[in-house]
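Reviewing the structure listed below.
The values are calculated or read from the model by the stated rules, or taken from the named source; none is laboratory data. Bear in mind the structure is a predicted one, so any value in this text is a computation, not a measurement. FYI the Cβ positions are ideal-geometry reconstructions off the backbone, even for glycines, and counts take in every protein chain you see. Accessible surface areas use protein heavy atoms only, side chains included; no ligands, DNA or RNA. Shrake-Rupley method; radii C 1.70, N 1.55, O 1.52, S 1.80 Å.
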Amino acid sequence: MTGKPREKGTQRKKNLDNSKSTGNSTIHETLYEDIFTCSNDAIAILNSEGVYIKQNAAHRTLLGFPDEFLSGKTPAIHLGEDIYSSVFDTLRSEGSFRGNVKSTTYDERVLEIAITVFALYDDDHRPQFYVGVTRDVTEMLKAMQAMEESEERYRTLVENSPLGIAVHRSGKIIYANQSALKIIGQESSDDYIGRAVIDFIHTDSRDEVVERVQAMYRGEASVEAIEEKWVSLDGTAIDVKVAASVITYQGEPAVQVVFSDITDRKRAEEALRVSEQQYRILAENVKDVIWTVDLNLNFTYVSASVKDMLGYTVQEALAMPISDAMPQQFLEIIEDALEESFHLEETVGKDGYDAPPLEIDLYDKSGTLRRFEMSRVFLRDENDRPTGILGVARDITDRKLAEEALERAVAQAEFYNDLMAHDLANMQQGIMVSLEIILSEHHLPDHLIAFAESALEQTKRSAALIVNVKKLASTSKQDTNLIPTDPYEVLIEAMATVRSSLPGKEIIFSTNLTTGEYDIIADEFLLDMFFNLLHNAVKADPRERVEIDVQTERTEDDGAFLQMRFEDRGRGMSDSVKESVLTRMGNREGRGIGIGLTLVKRIADRYGGRVRIKDRVKGDHQQGTSVVLLLPLTH
């Protein structure tokens, strides 16, 4: 903002020049007009109400507003109402304003500007015009901030460095970080600062150290990574690796020493040589890219592995705008995640949330997209405020392609499974209806009746098999919705279903389970589990009158479980069948039993339970089978 209105020239002259000479007035007015027009500083003139009257070319270039756009408007159009009001409150009370503010340009860029505004008064000392001089200080402030951040990073590095860092002048120690104190065996810098350097140098190294320090002060040499022998506070000899150089400290020459304790390292050199090859193999096979960006998402560091991963050199990667590294939709994902992280920082604090990895597509040097998993954390200043982002990028392209291929295969298999099950079910339904019509004929010969009944039974078993196969597929899916369930009600329903499915048998069920006695973790498949156990038990007994016992008790077997024993008095299972029947793998003897028990095991696994098969009478499998089911209790 700055300038002067031509129509007010005479009045402005009175304020700027007390001369009554018309000639002098004209000269001054021309001079001021030239200064206004040719100044490299942005200048604008406002009337006493704060409305723009005129701007010079520098002001027009800086903010980009055409003259006709500013005419009749106040600086609030680019400063905002709050800043504008604050500036003019100061002007009205003090007569001038000087400070840095944010301003939005005509093309909506945000600048940091330094403005100086002062009033021009009339003869009655009333503000007639306001003159503003504006400079763009955006880059200067960024440079100052970068310098401050660099200094802060260096200071933080020194203070928190695992290396000992000390400074000495004229043979006396004047600074030491915590690592230096720890290596020397000091607890406080008070016991170290002011001590003679030579006190901590072993006699074997003293002469050499003194000569090197003197040579450094003469500008002849600096010490780079040499090994010396020092002495700790208690007199113990320690091996250190030292680098030293002359620096300016508090305005005067001094020697900075950076050192590390290598005593343990030297003792372990032989062990390190033995494992050297293993460590080298590990380092050579770490392919993740490590990177850092500032909060504007400009790269500030990229590890050398970017060459193998994406084909870029480190220099190429650092020079690349992040918008060129990925498609726009993934840049928006990153920006949204950053915005959410800032919001969570303000609401729950830095320890109150997790930043889950992002899956991002990146272009390699050939232009091909590759999928990466990005883990990231904030880099912070001494006040824990985010100053940048540190991340690790892992190439998961091949894994994602494999996952997508697997998903397509699973979807296709489910489609074929549903299609086959649907068509087979329709065919089986037609066969069963036809067989039931045939069996309803009263004059059918006995031998044909037997064939028809056998065919009907096999068809029903086939239909049940298809239902169980579909349920097996359903239980393999990851989504579960397990809730507390009373097993008694489900068991009673399963018993009733088994009776209705086998009308030709007299079935006697007995159980000690009562309603409301237990709560287990289960879902809708619990009914299928109980039905298959009871149905298999009944089918295993060839007699028309069948007795099935279901005994329950609480057990603590690596947790709280409900133990349920389903016991029949049928033909039993051999040991080889017991081993294979739950997985439908093994010998041919186990294959004739169907997949009911395989489904039972799959459902038990889904609940975190277990299934075991035993002889009802120990040592005599022909006396029937006991299927032991363990189901997790809610408490």
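In this simple spin-label approximation, Val158 and Ala409 carry label points 7 Å from Cα along the Cα→Cβ vector, and these lie 6.0 nm apart. Ligands, DNA and RNA aside, Lys307 has an accessible area near 100 Å² when probed at 1.4 Å.
For Cα pairs less than 8 Å apart in space and 6+ apart in sequence, what is the mean separation divided by the residue count of the range 512-572, i.e. the relative contact order in percent? Once divided by the residue count of the range 512-572, the mean separation gives 35 percent. Between Ala243 and Tyr217, the simple spin-label model (points 7 angstrom out along Cα→Cβ) gives 2.4 nm. Here's the picture: charge each Lys and Arg Cβ at +1 and each Asp and Glu Cβ at -1 in the range 483-579, and of Pro484, Ile507, Val577 the one pushed furthest to the positive end of that dipole is Ile507. Under 17 Å of direct C-alpha separation, and excluding same-chain neighbours fewer than eight residues apart, Lys172 reaches these aspartates and glutamates: Asp190, Asp191, Asp199, Asp207, Glu211, Glu252. The loop-placed trypsin sites (Lys or Arg not before Pro) in the range 189-238, going by DSSP, that have at most 13 neighbouring Cβ atoms within 10 Å of their Cβ come out as Arg218. Taking the average, over residues, of other Cβ atoms within 10 Å as the packing measure, peptides 361-369, 40-48 rank 40-48, 361-369 from highest down. Given their separation in residues at 0.36 nm each and the Cα-Cα distance between them, Met147 and Glu33 gain 37.1 nm when the chain is fully extended.
The Cβ shell under 15 Å around Asp395 holds other residues with a net charge of 0, Lys and Arg each +1, Asp and Glu each -1. What do you get for the angle between helix 22-38 and the principal long axis of the chain? Use alpha-carbon atoms, 0 to 90 degrees, nearest ten. The angle comes out at about 30 degrees.
Each of Phe129, Ala304, Val410 was placed along the dipole of the chain (beta-carbon charges, centred on the mean Cα), and the one lying farthest toward the positive end is Val410.
For the pair Ser323 and Lys400, a Förster radius of 35 Å applied to the C-beta separation gives a FRET efficiency near 0.95, rounded to the nearest 0.05.
Within straight-line reach of Lys618, meaning a Cα separation under 17 Å, sit the following aspartates and glutamates at least 8 residues removed in sequence or on another chain: Asp549, Glu567, Asp568, Asp575, Glu579. Under the simplified labelling scheme, the Arg612-Ser574 pair shows an inter-label distance of 2.4 nm, with each label point 7 Å from Cα along Cα→Cβ.
For the pair Met427 and Leu344, a Förster radius of 60 Å applied to the C-beta separation gives a FRET efficiency near 0.55, rounded to the nearest 0.05. Among the protein heavy atoms, those of Thr37 account for about 70 Å² of accessible surface (1.4 Å probe, every chain in place). Remark: relative contact order (the range 15-156) = 21 percent; criterion is Cα-Cα distance under 8 angstrom and separation of 6 or more residues.
The mean sequence distance of close C-alpha pairs (under 8 Å, at least 6 residues apart), as a share of the length of the chain, puts its relative contact order at 6 percent.
Quick one: which residues, 5+ away or cross-chain, put their amide H under 5 Å from the amide H of Thr511? H built at 1.01 Å from N. When sequence neighbours closer than 5 places are left aside, the close amide H contacts are Val550. For the range 52-96, the percent of C-alpha pairs falling in each 5 Å distance bin, counted from 0 to the bin holding the largest distance, reads 5, 20, 25, 23, 19, 7, 1.
Multiplying the residue separation of Arg126 and Thr236 by 0.36 nm and removing their Cα-Cα distance gives an extension gain of 31.4 nm.
Calculated from the structure, P(r) over Cα pairs in 20 Å bins from 0, in percent equals which of (i) 12, 22, 23, 22, 14, 6, 1, 0; (ii) 18, 44, 27, 10, 1; (iii) 14, 31, 18, 10, 9, 10, 6, 2, 0? Looking at P(r) over Cα pairs in 20 Å bins from 0, in percent for this model, the match is (i). Computed extension gain for Lys307 through Arg554, at 0.36 nm per residue and net of the alpha carbon distance, reaches 82.8 nm.
Separation of the alpha carbons by more than 19 angstrom is noted, of Lys102/Lys142; Lys102/Lys350; Lys505/Lys601; Lys182/Lys229; Lys287/Lys350; Lys578/Lys614, for Lys102/Lys350; Lys505/Lys601; Lys287/Lys350. Straight-distance candidates among the aspartates and glutamates for linking to Lys307, with alpha-carbon spacing under 19 Å and chain neighbours fewer than 8 residues away dropped: Glu284, Asp288, Glu316, Asp324, Asp361, Asp364, Glu373, Asp395, Asp398. When only the Cβ of Lys, Arg, Asp and Glu is charged (+1, +1, -1, -1), the dipole of the chain relative to its Cα centre reaches about 740 debye.
From most to least packed by mean Cβ count within 10 Å, the peptides 233-244, 499-510 give 233-244, 499-510.
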